[in-house]
1. Quick one: what are the phi-derived ³J(HN,Hα) couplings along the range 177-186, Karplus 6.51/-1.76/1.60 with θ = phi - 60°, whole Hz, x for glycine and proline?
2. Got a sec to turn the phi values of the range 44-55 into Karplus ³J(HN,Hα) couplings, 6.51 cos²θ - 1.76 cosθ + 1.60 with θ = phi - 60°, whole Hz, x for Gly and Pro?
3. Under a 5 Å amide H to amide H cut-off, with H placed in plane at 1.01 Å, what residues pair with Leu37 once short-range neighbours are removed?
4. For Gln66 and Ala207 in the same chain, what is the full-extension length gain: residue separation times 0.36 nm, less their Cα-Cα distance, in nm?
5. At 7 Å along Cα-to-Cβ for each site, give me the label-to-label distance between Leu47 and Ala156 in nm.
6. For a Förster distance of 25 Å, can you work out the FRET efficiency between the beta-carbons of Arg90 and Ile196, rounded to the nearest 0.05?
7. Whole-Hz ³J(HN,Hα) for each residue in the range 196-208, computed from phi via Karplus 6.51 cos²θ - 1.76 cosθ + 1.60 with θ = phi - 60°, x for glycine and proline: what do you get?
8. Once the Cβ-Cβ distance between Phe115 and Ala59 is put in as r, and R0 is 30 Å, what FRET efficiency do you end up with, to the nearest 0.05?
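Taken together, the values in this text are just the output of simple stated rules run on the coordinates, not laboratory data. Fair warning: this is a prediction, and the values are worked out from it, not measured in the lab. When we count neighbours, we look across all protein chains shown, and the Cβ atoms used for this are built from the backbone with ideal geometry, even at glycine.
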Amino acid sequence: MEIFTSAGLLALLQVIMIDLVLAGDNAVVIGLAAAGLPSEQRKKAILVGILAATVLRVALASVTVQLLDIIGLLLAGGILLLWVCWKMWRELRAAVGAGDASDAGGTTTHKKTFFQAATQIVIADISMSLDNVLAVAGAAREHPTVLVIGLVLSIAMMGVAANFIARLLNRYHWIAYVGLALILYVSLHMIYRGSIEVWPHLVALAAL
């Protein structure tokens, strides 16, 4: 019943705001990766992304306190997400080139495979789920019910948003660049925060 206290309600509001931002980022990644697939494989890729995010967030939420003690974890997550962003950029450029060629030749080909999309989604889920769980756990603090509600809410929002984004990207390809810019910002922000965390330890190590 802690959710019905003033502290519980405040924590819940904070968690909802965090989910609105971070679950949206995760949905953009899933939608971008799935948008390059044929329509019959797109829903499967989105389902893989949501299931992977669900498993990862439950697993990470169960060891949140231990995760907070691992120095450099956020930095590693940011670098992983940056790599996914770079791969998506290359595929987006290749897709634009293939689209121009198909306009001239009259045929359309899907370059991306289901395995490639699923791999990108899972790797991005690892880093973004880490960021989400740490942020939500920080807001929920001593309110486990709020933590669970936040987890369920973020997964539900991801599923709805990813389907919508994937359909939107297939109709308006330029939106993919906006999504990539958002993912790039999230990865660089994670790298920046992780670097600030790691830097004092590197200085101390160098002094030795």
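1. In residue order, the calculated couplings are 5, 5, x, 4, 4, 5, 5, 4, 4, 4 Hz.
2. 5, 5, 5, 4, 4, x, 5, 5, 4, 5, 4, 4
3. Here the answer is none, since no amide H 5 or more places off falls under 5 Å of that of Leu37.
4. Values: separation 141, 0.36 × 141 = 50.76 nm, distance 2.74 nm.
Taking Gln66 through Ala207 to full extension adds about 48.0 nm, to one decimal.
5. Result for the modelled spin labels: 2.1 nm.
6. Working: r = 30 Å, r/R0 = 1.18.
FRET efficiency, Arg90 to Ile196: 0.25.
7. Using θ = phi - 60°, the values come out as 4, 5, 7, 3, x, 6, 5, 5, 4, 5, 5, 5, 6 Hz.
8. On the way: r = 23 Å, r/R0 = 0.76.
Efficiency computed from Cβ-Cβ geometry: 0.85.
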